[in-house]
Number of protein chains: 4
Amino acid sequence: MNIFLTGLMITMCFSGMGITQELYIKPFNIPDILNYKTLKCDFHIHTIFSDGKVWPDIRVYEAYKEDLDAIAITDHIEHRPFSNDVKSDHNRSYEIASVAGKETGITVIKAAEITHKMPPGHFNAIFLKDSNPLDTANYMAEIEIASNQGAFIFWNHPSYPHPENKELWSDVHQLIFDNGWMHGIEIVNSKYYYPKAHQWCLDKGLTMIGNSDIHPPITFDYDFQKGEHRPMTLIFAEENNKKSIRNALDSQRTAVIWNGNLIGKETYLKNIFKNSISIDHSDTIVDFINQNTAFIKIKNNSSISYHLKLLGAPQHIDAPKNLTLKANNISVLVVKANNNSQTPTQTAGLDYQITNLWLSPSERLNIKIPLLVLTDQTN
Amino acid sequence: MNIFLTGLMITMCFSGMGITQELYIKPFNIPDILNYKTLKCDFHIHTIFSDGKVWPDIRVYEAYKEDLDAIAITDHIEHRPFSNDVKSDHNRSYEIASVAGKETGITVIKAAEITHKMPPGHFNAIFLKDSNPLDTANYMAEIEIASNQGAFIFWNHPSYPHPENKELWSDVHQLIFDNGWMHGIEIVNSKYYYPKAHQWCLDKGLTMIGNSDIHPPITFDYDFQKGEHRPMTLIFAEENNKKSIRNALDSQRTAVIWNGNLIGKETYLKNIFKNSISIDHSDTIVDFINQNTAFIKIKNNSSISYHLKLLGAPQHIDAPKNLTLKANNISVLVVKANNNSQTPTQTAGLDYQITNLWLSPSERLNIKIPLLVLTDQTN
Amino acid sequence: MNIFLTGLMITMCFSGMGITQELYIKPFNIPDILNYKTLKCDFHIHTIFSDGKVWPDIRVYEAYKEDLDAIAITDHIEHRPFSNDVKSDHNRSYEIASVAGKETGITVIKAAEITHKMPPGHFNAIFLKDSNPLDTANYMAEIEIASNQGAFIFWNHPSYPHPENKELWSDVHQLIFDNGWMHGIEIVNSKYYYPKAHQWCLDKGLTMIGNSDIHPPITFDYDFQKGEHRPMTLIFAEENNKKSIRNALDSQRTAVIWNGNLIGKETYLKNIFKNSISIDHSDTIVDFINQNTAFIKIKNNSSISYHLKLLGAPQHIDAPKNLTLKANNISVLVVKANNNSQTPTQTAGLDYQITNLWLSPSERLNIKIPLLVLTDQTN
Amino acid sequence: MNIFLTGLMITMCFSGMGITQELYIKPFNIPDILNYKTLKCDFHIHTIFSDGKVWPDIRVYEAYKEDLDAIAITDHIEHRPFSNDVKSDHNRSYEIASVAGKETGITVIKAAEITHKMPPGHFNAIFLKDSNPLDTANYMAEIEIASNQGAFIFWNHPSYPHPENKELWSDVHQLIFDNGWMHGIEIVNSKYYYPKAHQWCLDKGLTMIGNSDIHPPITFDYDFQKGEHRPMTLIFAEENNKKSIRNALDSQRTAVIWNGNLIGKETYLKNIFKNSISIDHSDTIVDFINQNTAFIKIKNNSSISYHLKLLGAPQHIDAPKNLTLKANNISVLVVKANNNSQTPTQTAGLDYQITNLWLSPSERLNIKIPLLVLTDQTN
């Protein structure tokens, strides 16, 4: 029996004539921007060929079902706790996964995790040619080998072994960086965000990366029914292929999605927000002559909920202090004239901060919702 | 206290500083077509001013929350079982509802239901100027008065008093039709579809209408959480305003949505389907050289699930006999080469019937899903 | 057509032979205690006969569908904003609702709201014999008339017209109390909890009441799919009938459920919790000889989620600081030996506070989860 | 880091002070009966030590999270397609799984699948002592070795290699049976039910077994959010331990749950149904004097929906032809007096067949819902 079909089969409808297999994928909508496709990627994944708990093809099918575009399987070179049971070499998990990648259209990138205690901690090398030569006892040699193979190399969970808030940029990291061997940092790994690493990426021109570092089956850690997702690296690429992804990584055309937050440069986040939202123009014309309450429908076509905090409203207009533009929903923004004797200014706008769009550890994206207020003075 | 705010308030978040009201609307996505906006309308609704069970403004808020665009309140002229308790005239329900319409942006159309036993049964007159003059004892006079006011008049639930399958076109209906007083028929009312009425619309050039005829609160009869919706008349209009809606009704630019089915002319249904679906071109290139299974992602951006039945596939390709393109989901179409020794033709397509897009009582919309098959002969 | 069947009909299955109506009610499970039945009641409800937005029978069907046991329709005597449209007397809404009560088994109690500005604010009189004599211009006379009819009288939303935190016990309230005319207070009304009123109930021996004060259709304000419910008065009664309910009210055998919190006397809350929870005895035997982690399944058979905060654990045992025992779920309590060299005491227990079970404005219910710890010393 | 905690951790709440892990299990309620505990078991499961796709401990955590009580890991002796990668012996998957079993309380039974083409097809031997001696080239020898170790042996998916409807009892099966080496048959395996095998169990006194035969992660094949579950063998046992389970298997105290159906002997199914359902006595008193419609609430406390088909109702009473008693819901049974001039008999009952409780391939469980009808003659 074809194992794969067993694996991915979700629903079977029995009929007198035969069997139909049905598979549905809940879209994880993040809009394309700036003429790039927005690819959803996870570059830190384990299988039973290191300390993960599933066979490599399962990682591809999991990604397919979560609506991802590309993954890298990054089994540890040094840490293989199941090595008494599982014997194969460091290329094996990629070999298995890439077959499933072809079937599904998921781009699978060859990779490995170079595993050493801090400093410098763990590094992922993706876009490797051959993982086996990395198996030396010397982490610095391994990083150099990876670099010589043309790999894209990034520092993993930089707070390790502490889960969070302990990132430290040591001399060893400086050396790796100076050698041109550090191209990015995980500013997010699994449940954790690393603010210092985020700032380092901004300051040193490193690529921001966010990954799941998943070990058990993905559904053990994320409940898709609730809208949860693994952390991902968003790649803004010409196409979904290895070359375009690599090009975007080299050009820092990435953002990170984590726990409902988007982290990245202003130009990317602003355009993602802009392309997520639609407001009917007629809805922004607020008639405060005939009524003192107006309803504005804001449609969010993306799978990201945006959390808004009011920064400022025109005089004599009441707007909600907090407003969530719920993913895949229409949110109603209710504005009110709060003083009937004095009319609001005609052209106005509501200034909101989007608290889950992060430009830096301390900065958030600010936006304006335009209003055209009809008042007695209008006539 | 402002009753309206109480009415529409869904969630209140308590904070130290104040109260934020939040209202979310689950989008009911049906794409625009042919440069028209697709408006979701319900032209048959009751309130306590006839035999309904809610105050008129509630009908507007219900429509707003279900993502409708326009409604008509059609209280009975003759049948007012609560008249010992509720005393006002036939314009009163419109007066109340139209205030809520202005607040929310829902277009509210003045209307009434002319109520007589069969023949001719019940008729709705919408776009009335004044409902009170209709209160005569003579249904034919009432229809004439409505017509003289410029109303758009349609025959309701034509199988009445039988719930279904008993439509009969009598001499009285012929007379009303010959007088130019019948402009459309409900081919759907509440839980029922009327196939004969559907055919009459096609044969006699009448406008197809579908309505809820709702009496209790709308959530008593439809569970929106399950994706259920009231039946609606889809109006293909330049704008959401009374003039455009009337123009579309007069031009038979309507379709009916009922119980997950779309009923209408081929040009409308074909374009709704086309604008609902997106397939990545690269996904339709089926590589049968390196693998014998291909996965094709079909994204349905609309809130209508399309149910497909296989009419024909190219030789040596297995495709699912039945496939549902689930609303707001990505459905995976799995095709297989069923004979490795003989390769399928290179350019091919899958012919499917969409069983829930109805062109007539017996005809369904057929579509083709194009494939480009790579085989050994390709090279 | 029988209006009622239209009203309550939820799903219709079409078959060749006929129509089946299906109605499902999601159970709102709160266990019976102390040999009493736990009745779920709402004693503050409006219809179009005052300022509500639905016909009275709808209130009964809404209660039935939300799994309530008893309601009172409490239309205002003085405040009837729709009186130009709706003309009938003060007994009419009860008359209509009681018919639906007989059909469904919902106990409907005759009642009215005596409506005056503060002080003393609004009072509900339930178990009235005739509401019409209350229609005087003198609120004190009205309360006396209600009392003479044997009504149970309680003060509504005591913070009114402020939504919360403004309760004030005036001389007028003292007078009503001294006359024996105040038997309870709403410590909860709609979205609001009144801590001072809660304390007054405790101090003065008044019955704690919690109600919805619903005006629009109930689904406008509460999303049952999310597990939301209107506030309710829980009545611990011998039977579901008027006499038993009245007896419980007179004996202060009530608790209030509001926004996921239970408010009441310790004996009631303790027993509700106890009867909600089941733990398999074998699960509480924690084997710290062979492993250093133990999983304890705690099943919550009720529809109330209990939120636990750790007060204290035995030395050398780690237990979660916060734990939610989710409604209708099994929650897993993970305990760990945090020091392998020193073993925990053998008999031990975890002390938790249940933060959503409120004994007074400042006191919560505390409970102990017993453990039997196996350690090396055990042997 | 403890891999297990990573594996089973579902939700992490970040607080300033630390981390709380939360795991919730949706109860799969099937009532205990006849003084036995009803244990939910799956005795056919694969891991990467044969052709499954996950590490053995994952199988235990999956079972724990689906609310099962006991499992057997049944890796193939002969069929190990990953043997170039995975090297260990036939006891290894049990060794790994049993550690997780102790942590969670899931009973893990040592087992193996003896794998041969038909006849006789595949057999599971559970309650093995040592799986390695089975690795001979001779299936009959293997079965004998298993039997000599005291294993409980059952025939798997008896229609194999055809998915269904091809069960054939060959001479080889007769020989195995005559030797006392066949103790049960899978009447259900994964998506398939085997009616002939069901009848053989009844005729030959074999134990009915139903299993998942799961290869990928369990969530690939079953959507628990939709209420789906793997097929299971229900064991009616004194306790959840190996001895009691074995005792029940030997005594044929089992039933099978598959795709929403329960299959087993009448005494078990009747008691499961009886212990699932509660009807308030007062609700069964149907008052046809004052009204002609009665509502009867039927609460189903189990996680199995019961599908009822009307066999017969008393004269002059209309009852629904089909009724589903939805899992964990209250279903409302609406009965009507269909002839006001003639009153129904006073004591009456509704006869229903439960179409998803299967006593044999062709027989279903029938039940009676008692009514006490009040009519004019009653007085």
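Laboratory data are not the source of any read-out in this text; all were calculated from the coordinates shown. Note that the coordinates shown come from a computational prediction; the quantities given were computed from them, not determined experimentally. When we count neighbours, we look across all protein chains shown, and the Cβ atoms used for this are built from the backbone with ideal geometry, even at glycine.
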Between the modelled labels at A:Lys274 and B:Thr267 (7 Å from Cα along Cα→Cβ) the distance in nm is 3.7 nm
Karplus-derived 3J(HN,Hα) from phi for segment A:247-258 (6.51 cos²θ - 1.76 cosθ + 1.60, θ = phi - 60°), whole Hz, x at Gly and Pro, runs 4, 5, 4, 5, 9, 6, 8, 9, 9, 10, 10, 8
Quick note, the protein assembly as shown: a/c under 1.5 would make it rounded; otherwise a/b > b/c is prolate and the rest oblate (a ≥ b ≥ c, C-alpha gyration tensor); here it is rounded
A student applying the Cα gyration tensor rule (rounded when a/c is under 1.5; otherwise prolate if a/b is larger than b/c, oblate if not) would label segment D:179-232 prolate
Longest principal axis of chain B (C-alpha) makes with the long axis of helix B:266-276 (C-alpha) an angle, in degrees to the nearest 10, of 70 degrees
Cα-based Rg then Dmax for segment C:38-150, in Å, read 13.6, 41
Quick note on D:Thr267, D:Thr355, B:Thr38, ordering by fewest other C-beta atoms within 10 Å, gives D:Thr267, D:Thr355, B:Thr38
In whole Hz, the Karplus estimates of ³J(HN,Hα) for segment D:320-334 (6.51, -1.76, 1.60; θ = phi - 60°; x where Gly or Pro) are x, 5, 9, 8, 9, 8, 5, 3, 6, 9, 9, 9, 9, 9, 9
Rounded to two decimals, the Debye log10 I(q)/I(0) of chain B (Cα scatterers, no solvent) at q = 0.08, 0.12 Å⁻¹ is -0.49, -0.91
Beyond 27 Å (Cα-Cα) in this structure, taken from A:Lys110/A:Lys226; B:Lys40/D:Lys299; A:Lys40/A:Lys204; B:Lys129/B:Lys196, we find A:Lys110/A:Lys226; B:Lys40/D:Lys299; B:Lys129/B:Lys196
Diffing segment D:161-171: the Karplus 3J(HN,Hα) column from phi (6.51, -1.76, 1.60, θ = phi - 60°), in whole Hz with x for Gly and Pro, holds x, 6, x, 7, 6, 10, 5, 9, 8, 8, 4
In whole angstrom, the spacing between the Cα centers of segment D:23-73 and segment B:66-102 equals 57 Å
Residues of segment B:291-318 with backbone N under 20 Å of the label point set 7 Å from the Cα of B:Asp351 along Cα→Cβ are B:307-318
In this structure, among B:Lys166/D:Lys326; A:Lys65/B:Lys65; B:Lys326/D:Lys191, pairs with alpha-carbon gaps over 25 Å are B:Lys166/D:Lys326; A:Lys65/B:Lys65
Between the Cα axis of helix C:92-104 and the main Cα principal axis of chain C, the angle (0 to 90°, nearest 10) is 40 degrees
Under a Gaussian network model of chain A whose springs join Cα atoms within less than 10 Å, the largest fluctuation of A:Ser360, A:Ser278, A:Ser131 belongs to A:Ser278
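By the gyration tensor of its Cα atoms, with a ≥ b ≥ c the square roots of the eigenvalues, what is the shape of segment B:272-327: rounded for a/c under 1.5, prolate for a/b over b/c, or oblate? Can you show the working numbers first?
Numbers: a/c = 2.64, a/b = 1.55, b/c = 1.71.
Note, shape of segment B:272-327 comes out oblate.
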Rounded to the nearest 5, the percent of antiparallel DSSP beta bridges in chain A equals 75 percent
Among B:Asn261, B:Asn165, B:Asn179, the residue with the largest mean-square fluctuation in a Gaussian network model of chain B built from Cα contacts under 10 Å is B:Asn179
Between the modelled labels at C:Glu238 and D:Met140 (7 Å from Cα along Cα→Cβ) the distance in nm is 7.7 nm
Within the set D:Ala151, D:Ala348, D:Ala327, GNM on chain D using Cα springs under 10 Å gives the largest fluctuation to D:Ala348
Sparse-neighbourhood loop hits (trypsin sites (Lys or Arg not before Pro), segment A:93-191; DSSP loop; Cβ within 10 Å at most 14 others) -> A:Lys117, A:Lys129, A:Lys166
Computed, not fitted: 222 nm per-residue ellipticity of the protein assembly as shown from DSSP H runs ≥ 4 (each -39500 (n - 2.57)), nearest 500, equal to -6000 deg cm²/dmol
Given backbone amide H placed at 1.01 Å from N, residues whose amide H is under 5 Å from that of B:Asp287, ignoring those fewer than 5 places away on the same chain, are B:Leu374
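Pairs of Cα atoms under 8 Å, at least six residues apart: use those to get the relative contact order of chain C, whole percent.
Relative CO of chain C lands at 13 percent.
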